[in-house]
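These notes are about the structure you will find just below.
Bear in mind these aren't lab numbers, they're just calculated from the coordinates by the rules spelled out. Computed from a predicted model, the values in this text were never measured in an experiment. Methodologically, a virtual Cβ is constructed for each residue, glycine included, from the backbone with ideal geometry; neighbour enumeration extends over all protein chains shown.
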Amino acid sequence: MGLFNKIFSKKEQVTIEFCEKNLDRFYTDEDFTLFGPFLSSKEVSYKQYECQSHCKQCKKSPYAIVNGEFIQCETPSELLSQMKEQK
């Protein structure tokens, strides 16, 4: 049964939370285009909040909360790479 479970195992769900203000501050239309395929994946669920009470970090650079872990990067594309590693 071990081999069967490895072959057909479910991928773990990745939950991502975004701050609307952070998205408005750091993301361009091109960034949203890059995120689209990743966020539409079956293993990814995401939610956008008006505010997540991380105001100091929110003003500095793009961030997201991935499976409860705060992840902050210099650019949206770096953040996307970090999120893909969580998948």
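A few points about this structure:
- Test set (1) among the β-branched types (Val, Ile, Thr); (2) loosely packed, with under 13 Cβ neighbours inside 10 Å; (3) touching a Cys at 6+ places or on another chain (Cβ under 9 Å) - residue 33 fails condition number: (3)
- For the range 42-79, the set of residues classified as under 15 Å from residue 28 (Cα atoms) and in a strand (DSSP E or B) consists of 63 only.
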